[in-house]
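Enquirer: For reference, the structure I am asking about is given below.
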Protein chains: 2
Amino acid sequence: MAAVELGNSAEPQTQAARVFDQMRADILSCRLMPNERLRMEALRARYDTGTSPIREALMRLHAEGHVVLEQNKGFRVTPVSHATLIDLTRTRIEIEQIALRWSIENGDVEWEANLLGAFHRLSRQPKTDPDKPGEINEAWRREHRTFHNALVAACGSPTIMNIRSGLYDQAERYVALSVTSSIKARDDVAEHELLMNTALERDTPGAMDAIRAHFSATTDKVALTVAADGQIAGADKEVVS
Amino acid sequence: MAAVELGNSAEPQTQAARVFDQMRADILSCRLMPNERLRMEALRARYDTGTSPIREALMRLHAEGHVVLEQNKGFRVTPVSHATLIDLTRTRIEIEQIALRWSIENGDVEWEANLLGAFHRLSRQPKTDPDKPGEINEAWRREHRTFHNALVAACGSPTIMNIRSGLYDQAERYVALSVTSSIKARDDVAEHELLMNTALERDTPGAMDAIRAHFSATTDKVALTVAADGQIAGADKEVVS
DNA sequence: ATCAACAAGATTTTCGAAAATCTGTTGACA
DNA sequence: TGTCAACAGATTTTCGAAAATCTTGTTGAT
């Protein structure tokens with residue numbers, strides 16, 4: 001009766017967990033657009049499973065703030081707004097500063113080594129996809145996340161790390177919305193290098209400034225895409241199977 | 001089959017939502033003890049509903065960190081530990097400082113008035129239950145929460161407020177564990193008054209110190225109850241119907 | 001005496017249909 | 001012509017049983 005128990009990656013997963021992961025990825029990458037209605041029937045077809053796992057996944061996504069829910073009116077992908085983006089950024093700056101401050105205090109040689117490695121890998125990745133220009137390079141996104149994780153990895157507080165990754169997820173959605181816009185410009189590498197160097201030199205005030213600058217710059221770019229008043233183009237539509 | 005449809009407060013609720021609220025309250029107050037196993041059958045009996053609503057509620061509680069889940073081995077109330085309490089407190093101090101700092105910057109007359117009112121109501125509540133000494137006064141707990149909310153109500157950041165209330169919930173569980181211990185001692189009123197006054201005077205540095213002191217003091221009391229190494233007495237048991 | 005394999009029991013997880021709820025439209029009445 | 005009530009269709013929510021999975025206790029071989 002032994003299923004594929006081997007170590008592909010994480011096969012022995014429950015249905016609901018699989019749907020949760022996939023759906024979450026779909027939302028964060030905006031394959032499911034903000035404010036899009038999520039109908040049971042459509043989702044069941046899309047993820048090929050029963051209603052219970054779908055419902056469970058939606059409930060978890062709801063608790064994490066990725067979908068909203070109205071009584072007996074079903075689920076929607078959490079809408080985006082200019083105000084939310086501003087608030088999110090402001091908060092992220094604060095949280096990230098805490099994490100980095102603690103990381104600088106606690107970081108050991110291992111942390112330094114990992115950080116250097118993560119920066120190197122990131123700096124060698126092109127930001128835009130070589131094949132499909134205008135789209136973001138998937139590998140770059142992975143390395144970018146890894147770099148920022150490495151930066152605060154030594155912070156030593158699971159609670160802060162949890163909060164931080166939740167906020168990172170939220171922000172990722174806004175970035176995904178803006179990929180169609182111009183991606184080029186802006187010297188990311190220099191910003192990341194500054195972050196790394198101030199951290200390695202244990203220059204806490206400098207690192208705090210670098211964090212603020214980096215996040216502000218990112219947001220300014222993204223904010224252009226999200227209309228100051230309301231919705232994003234393409235929302236309100238149904239699930240695309 | 002018609003249940004109690006009357007309008008106590010917010011009746012027209014979905015089953016799962018009701019179970020979620022009740023169960024959450026049971027966990028935060030430690031009527032469901034840390035690390036306690038949560039069996040479907042027992043929960044269905046306890047909350048008088050089907051498996052689906054229970055499962056949904058558990059999933060949401062899982063996402064909020066109130067229960068943990070192992071593949072095909074069911075759910076447990078999230079365990080407590082000394083280390084977690086320390087980390088939680090450290091983080092709460094930082095978050096609360098941010099919220100209060102912003103609140104002091106943005107607070108208007110309305111905010112000041114509410115804060116004064118909340119403090120007054122809190123100061124007039126006895127901390128221990130007049131009937132059952134040794135147990136915390138339910139009204140006091142409500143007013144206490146209200147006061148701390150009022151303190152940061154003007155912070156203007158939904159994101160920070162969300163994070164904050166999540167941490168408050170987590171902490172509440174630890175406080176509930178320690179109620180059986182000595183509650184008396186320690187001049188809460190003075191601490192809260194100091195918090196209020198520094199805030200009203202827009203003395204941000206003073207308020208930051210007051211926050212740190214207040215949270216540290218609370219935790220020191222609670223920490224005595226949670227063994228430095230491991231579990232709390234009475235855990236590991238089953239659901240008590 | 002120790003360990004592995006097996007079987008019975010208990011528990012979680014999933015499914016599909018039934019029940020409850022909401023939305024939009026039609027038609028009657030003022 | 002405008003308002004309201006009732007109906008029909010669509011959707012969410014719940015239930016109870018079936019399927020899959022894990023745990024525990026027993027047997028048999030080394």
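Enquirer: Mind checking which residues of the stretch B:77-114 are surrounded by fewer than 18 Cβ atoms within 10 Å (Cβ to Cβ), free of Cβ contacts under 8 Å to residues at least 60 places away in the same chain and more than 14 Å from chain A (Cβ to nearest Cβ)?
Expert: B:108, B:109, B:110, B:113
Enquirer: Hey, another quick one. Counting just the residues of the stretch B:1-46 that are modelled with pLDDT under 75 and within 14 Å of another protein chain (Cβ to nearest Cβ), which one comes out nearest to DNA strand C (Cβ to nearest atom)?
Expert: B:12
Enquirer: Can I ask one more? Could you tell me which numbered condition residue B:74 fails, if it satisfies all but one of (1) within 11 Å of another protein chain (Cβ to nearest Cβ); (2) touching a strand residue (DSSP E or B) at 6+ places or on another chain (Cβ under 9 Å); (3) in contact (Cβ under 8 Å) with a residue 12 or more places away in the chain?
Expert: Of (1) within 11 Å of another protein chain (Cβ to nearest Cβ); (2) touching a strand residue (DSSP E or B) at 6+ places or on another chain (Cβ under 9 Å); (3) in contact (Cβ under 8 Å) with a residue 12 or more places away in the chain, only one is false for residue B:74: (1).
Enquirer: Related question: Identify the single condition in (1) within 21 Å of residue A:118 (Cα to Cα); (2) at pLDDT below 95 that residue A:134 does not satisfy, given that it satisfies every other one.
Expert: Answer for residue A:134: the failing condition is (1).
Enquirer: Oh, and also: Do we have residue B:64 as closer than 20 Å to residue B:163 by Cα, away from DNA strand C (no atom under 16 Å from the Cβ) and in contact with an Asp or Glu (Cβ under 8 Å, 6 or more places away or on another chain) here?
Expert: Taking the combined requirement at face value, the residue satisfies it.
Enquirer: Right, next: Just name the residue that is most open to solvent (accessible area, probe 1.4 Å) out of those in the stretch A:62-71 that are within 10 Å of another protein chain (Cβ to nearest Cβ) and without any contact (Cβ under 8 Å) to a residue 12 or more places away in the chain.
Expert: The selected residue is A:71.
Enquirer: Quick one: in the stretch B:121-133, which of the residues that are over 16 Å from residue B:153 (Cβ atoms) and free of Cβ contacts under 8 Å to residues at least 40 places away in the same chain is surrounded by the most Cβ atoms within 10 Å (Cβ to Cβ)?
Expert: In this case the residue turns out to be B:129.
Enquirer: Take the conditions in contact with a helix residue (DSSP H, G or I) (Cβ under 9 Å, 6 or more places away or on another chain), of a type in the set (Val, Ile, Thr) and in a helix (DSSP H, G or I) and apply them to residue B:19. Does it pass?
Expert: yes
To keep it simple, each residue is scored yes or no on (1) among the small types (Gly, Ala, Ser); (2) more than 10 Å from DNA strand D (Cβ to nearest atom); (3) at positive phi; (4) open to solvent by less than 20 Å² (accessible area, probe 1.4 Å).
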| position | (1), (2), (3), (4) |
| --- | --- |
| A:25 | yes, yes, no, no |
| A:28 | no, yes, no, yes |
| A:31 | no, yes, no, no |
| A:38 | no, no, no, yes |
| A:43 | no, no, no, yes |
| A:48 | no, yes, yes, no |
| A:60 | no, yes, no, no |
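Enquirer: So, one more: Only one residue in A:83, A:57 is within 16 Å of DNA strand C (Cβ to nearest atom) and either farther than 15 Å from residue A:195 by Cα or in contact with a strand residue (DSSP E or B) (Cβ under 7 Å, 6 or more places away or on another chain) (or both), so which one is that?
Expert: Residue meeting the stated conditions: A:57.
Enquirer: Something else about it: Which numbered condition in (1) touching a residue at least 24 places away in the same chain (Cβ under 8 Å); (2) open to solvent by 20 Å² or more (accessible area, probe 1.4 Å); (3) away from every other protein chain (no Cβ under 14 Å) is the only one that residue A:151 fails?
Expert: The one condition residue A:151 does not meet is (2).
Enquirer: Still on this structure: Going by what's in this entry, would residue A:199 be described as touching a residue at least 12 places away in the same chain (Cβ under 8 Å), in contact with a Leu (Cβ under 7 Å, 6 or more places away or on another chain) and small (Gly, Ala, Ser)?
Expert: So residue A:199 passes the test.
The values are calculated or read from the model by the stated rules, or taken from the named source; none is laboratory data. The structure displayed is predicted, hence computed values, not measured ones. Note that each Cβ is placed from the backbone with ideal geometry, even for glycine, and that neighbours are counted across all protein chains shown. For accessibility, only protein heavy atoms count, side chains too; no ligands or nucleic acids. Shrake-Rupley method; radii C 1.70, N 1.55, O 1.52, S 1.80 Å.
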